[in-house]
């Protein structure tokens, strides 16, 4: 029997405003997004990906990202991040005053071509250009590379561990501040997650700093657990598990924020999140997104009588 | 980094015909239950809890249990179990020719009174009487005690580890063949599960042989993983996650059989189950139970391209 050393704190980054809303056809009005950010902040969340600097033509749902960054930066202690797909987006991110830019890099060649119209090595080259642009401007924005399809790909199928590690090493060498591993399509299993996080830590060291899991096939939280046991303490999540996958009707998207917060609270690990307030926020978002499929378990069942109390008042 | 030694095989016991159907008001016709047993068998399941010898007045849904046992015993290699709440039920189980009788013992005093109208120590005494009745008859039926509410109780709240271990020790001393730990109400968390399974194994040794988890709050599979990592290799599950909890509308019941089978297959662990056949069975049961809430993720999303192949042809 191995005695596992649990971390005291786990960071939950809310990505529903980006990963969730970009998968939903309707555009949520800016005023509601601002309320969402405010509500998440009041529930104790201190890291939020508020949007993406992609061309508004491609994702009109996220066209108000600069405005969201400006508001989010008024909330004390909130770490504000934005997704950035290319150099032009990086310039806009630096203009916006965001704390972090999150750069996607697909480990799957096929997914990379489909998503960014570039091969992975071309994306690595562009990430190099973004690092250089930051230096040239003297910007303090921090750079995280999210390795998407790190556990498999709906187009290509398998993705090799060697390819993931090769690409990780390349971007670490470029001087990015953090890397994360993402199960973009819900293919990961906990054994694979534990093994890949361990190997990725050998390559990236302390720069490995995020797990991004979808719950498409019901293994989202088992994968979070596996990464946690491999030393990861930051996880992405979407309120109400919004997002989903266009190829799997009825299937959920990212791990639900409230389920992730409950998982950690149930084990006595601190996230600073008040789950009751997340339930209230979920109910509000459910009204705004009436008709969209919401996911997640704990909001339906309610908290148990036995939940450790410190978490609830964190 | 700890290298975990994964087991080669994991046993999935289908309990939907008992734990699932007893929570559903309608009575499934015997002919459909026989098809369910046959279908589960053809999908590769080799352990099925087919029903319960409780008074038919209390659970008319399960009144045909003797007939189900008789049919199930015609399927080569199938291990047939029945739930038995008292000495009278044990006599009927021995009459029926079942391989195993599963005896519930609540670790929660309040749940024990509500469920069996006896305190836990009175239930232990009755288990002793059942062991003695088996000896007196020279029966070869095997006895498993399922420790319900081992991780908490909706009525009482917390259940102490000491009480669980004390009761486990008592029934092991009586000469039962196996004990299991059950999260009857969906209160368990993976940290607690790992710790309690480790401690229970110190008390029960190799007699500890089943994990029974509900997915009410979304942690069902994380708890399975925790027990697996603590050495457990047998798990209960209900096809389509049927069952639920009367106190939590919309919340799911037991871990879904197809999700559990997928979790194991995704990690390359053999269960002997053909998940595609489980999907077909699920579709059939969904018709029979039209209007009831079904649960589970993998049947909605479909299997990934990357699933290890040996499992699929096991």
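The values are calculated or read from the model by the stated rules, or taken from the named source; none is laboratory data. What you see is a predicted model, and the numbers here were worked out from it, not measured in a lab. All Cβ positions, even for glycine, are placed from backbone atoms using ideal geometry, and neighbour counts span all protein chains on display.
Only one of these is within 9 Å of chain A (Cβ to nearest Cβ) and buried (at least 18 other Cβ atoms within 10 Å of the Cβ): B:171, B:179, B:185. Name it. Spell out the reasoning first.
Values: B:171 fails: within 9 Å of chain A (Cβ to nearest Cβ); B:179 fails: within 9 Å of chain A (Cβ to nearest Cβ).
Residue meeting the stated conditions: B:185.
Right, residue B:257: closer than 15 Å to residue A:297 by Cα and within 14 Å of chain A (Cβ to nearest Cβ) or not?
Details: closer than 15 Å to residue A:297 by Cα: no; within 14 Å of chain A (Cβ to nearest Cβ): yes.
So residue B:257 fails the test.
Which numbered condition in (1) more than 14 Å from chain B (Cβ to nearest Cβ); (2) over 18 Å from the mean Cα position of the chain (by Cα); (3) not in a helix (DSSP H, G or I) is the only one that residue A:5 fails?
(1)
Could you figure out which of (1) in a strand (DSSP E or B); (2) under 29 Å from residue A:125 (Cβ atoms) isn't true of residue A:48?
Checking residue A:48 against (1) in a strand (DSSP E or B); (2) under 29 Å from residue A:125 (Cβ atoms), the one that fails is (2).
Filter segment A:191-214 down to residues that are away from chain B (no Cβ under 11 Å) and part of a strand (DSSP E or B) and give me whichever is surrounded by the most Cβ atoms within 10 Å (Cβ to Cβ).
Residues of segment A:191-214 away from chain B (no Cβ under 11 Å): A:196, A:200, A:203-213.
Imposing the further condition that a residue be part of a strand (DSSP E or B) reduces the set to A:208-213.
Numbers: A:208: 26, A:209: 15, A:210: 23, A:211: 25, A:212: 26, A:213: 28.
So, considering only residues that are away from chain B (no Cβ under 11 Å) and part of a strand (DSSP E or B), the one surrounded by the most Cβ atoms within 10 Å (Cβ to Cβ) is A:213.
When you scan segment B:261-310, how many residues do you find that are part of a loop (DSSP other than H, G, I, E, B) and within 19 Å of the chain's Cα centre (by Cα)? So that I can check it myself, show each step before the final result.
So the first thing to find is which residues in segment B:261-310 are part of a loop (DSSP other than H, G, I, E, B), and the list is B:267-269, B:271-274, B:289-297, B:302-308.
Going one step further and asking which of them are within 19 Å of the chain's Cα centre (by Cα), we end up with B:271-273, B:294-296.
Summing the residues that are part of a loop (DSSP other than H, G, I, E, B) and within 19 Å of the chain's Cα centre (by Cα) in segment B:261-310 gives 6.
Would you check if residue A:239 is within 13 Å of chain B (Cβ to nearest Cβ) and either crowded, with 24+ Cβ neighbours inside 10 Å or modelled with pLDDT of 95 or more (or both)? Working first, answer last.
Working: within 13 Å of chain B (Cβ to nearest Cβ): no; either crowded, with 24+ Cβ neighbours inside 10 Å or modelled with pLDDT of 95 or more (or both): yes.
Spelling it out, it is not the case that residue A:239 is within 13 Å of chain B (Cβ to nearest Cβ) and either crowded, with 24+ Cβ neighbours inside 10 Å or modelled with pLDDT of 95 or more (or both).
Among the numbered criteria (1) surrounded by fewer than 24 Cβ atoms within 10 Å (Cβ to Cβ); (2) within 11 Å of chain B (Cβ to nearest Cβ); (3) closer than 30 Å to residue A:27 by Cα; (4) at pLDDT 95 or above, which single criterion is violated by residue A:219?
(1)
Could you list all residues from segment B:125-153 that are more than 20 Å from the chain's Cα centre (by Cα), within 24 Å of residue B:199 (Cα to Cα) and in contact (Cβ under 8 Å) with a residue 40 or more places away in the chain?
B:128
Could you count how many residues in segment B:95-115 are surrounded by 17 or more Cβ atoms within 10 Å (Cβ to Cβ), touching a strand residue (DSSP E or B) at 6+ places or on another chain (Cβ under 8 Å) and not in a loop (DSSP other than H, G, I, E, B)?
The initial filter retains those residues of segment B:95-115 that are surrounded by 17 or more Cβ atoms within 10 Å (Cβ to Cβ), namely B:96, B:98-109, B:111-112, B:115.
Restricting the remaining residues to those that are touching a strand residue (DSSP E or B) at 6+ places or on another chain (Cβ under 8 Å) gives B:96, B:98-108, B:111-112, B:115.
Pick out the ones that are also not in a loop (DSSP other than H, G, I, E, B) and you get B:96, B:100-106, B:111-112, B:115.
The qualifying residues number 11.
Only one of these conditions is not met by residue A:264: (1) within 30 Å of residue A:201 (Cβ to Cβ); (2) in contact with a strand residue (DSSP E or B) (Cβ under 7 Å, 6 or more places away or on another chain). Which number is it?
Here residue A:264 meets the rest and fails (2).
Using the structure shown, decide if residue B:78 is buried (at least 24 other Cβ atoms within 10 Å of the Cβ) and within 16 Å of residue B:17 (Cα to Cα).
When the stated conditions are applied, residue B:78 does not pass them.
So which residues in segment B:215-243 are in a loop (DSSP other than H, G, I, E, B), in contact with a strand residue (DSSP E or B) (Cβ under 9 Å, 6 or more places away or on another chain) and within 24 Å of residue A:300 (Cβ to Cβ), if there are any at all?
B:215, B:216, B:218, B:219, B:242, B:243
On the basis of being under 23 Å from residue A:199 (Cβ atoms) and part of a helix (DSSP H, G or I), does residue A:159 make the cut? Walk me through it before giving the result.
Numbers: under 23 Å from residue A:199 (Cβ atoms): yes; part of a helix (DSSP H, G or I): no.
The answer is no for residue A:159.
Quick one: is residue B:16 crowded, with 18+ Cβ neighbours inside 10 Å and touching a strand residue (DSSP E or B) at 6+ places or on another chain (Cβ under 6 Å)?
yes
Under 8 Å between Cβ atoms, which residue pairs at least 6 apart in sequence (or on different chains) link something in segment A:264-283 that is more than 9 Å from chain B (Cβ to nearest Cβ) with a partner that is surrounded by fewer than 16 Cβ atoms within 10 Å (Cβ to Cβ) and assigned to a loop (DSSP other than H, G, I, E, B)?
A:270/A:8; A:270/A:314; A:271/A:314; A:272/A:314; A:273/A:314; A:274/A:313; A:274/A:314
Restricting attention to segment B:28-62, which residues are surrounded by 15 or more Cβ atoms within 10 Å (Cβ to Cβ), more than 18 Å from residue B:98 (Cα to Cα) and free of Cβ contacts under 8 Å to residues at least 40 places away in the same chain?
Selection gives B:59 alone.
Between B:24, B:37, which is under 22 Å from residue B:259 (Cα atoms) and at pLDDT 95 or above? Please lay out each step first, then the result.
Values: B:24 fails: at pLDDT 95 or above.
Among B:24, B:37, only B:37 is under 22 Å from residue B:259 (Cα atoms) and at pLDDT 95 or above.
Of everything in segment A:129-153, what is within 14 Å of chain B (Cβ to nearest Cβ), in contact with a helix residue (DSSP H, G or I) (Cβ under 8 Å, 6 or more places away or on another chain) and part of a loop (DSSP other than H, G, I, E, B)? Give them in sequence order.
The first filter runs over segment A:129-153 and keeps only residues within 14 Å of chain B (Cβ to nearest Cβ), leaving A:149-153.
If we keep only those that are in contact with a helix residue (DSSP H, G or I) (Cβ under 8 Å, 6 or more places away or on another chain) as well, we get A:149-151, A:153.
If the condition is that a residue be within 14 Å of chain B (Cβ to nearest Cβ), in contact with a helix residue (DSSP H, G or I) (Cβ under 8 Å, 6 or more places away or on another chain) and part of a loop (DSSP other than H, G, I, E, B), then A:149, A:150, A:151 are the ones that fit.
Would you check if there is a residue in segment B:116-128 being in a strand (DSSP E or B) and within 22 Å of residue B:234 (Cβ to Cβ)?
We begin by selecting, within segment B:116-128, every residue in a strand (DSSP E or B); these are none.
No, segment B:116-128 has no match at all.
Please determine whether any residue of segment A:179-190 is assigned to a strand (DSSP E or B) and modelled with pLDDT under 95. Break it down into steps so the answer makes sense when it comes.
Initially, segment A:179-190 is screened for residues assigned to a strand (DSSP E or B), giving A:179-183.
Filter once more, so that each one left must be modelled with pLDDT under 95: none.
No; the residues of segment A:179-190 include none that is assigned to a strand (DSSP E or B) and modelled with pLDDT under 95.
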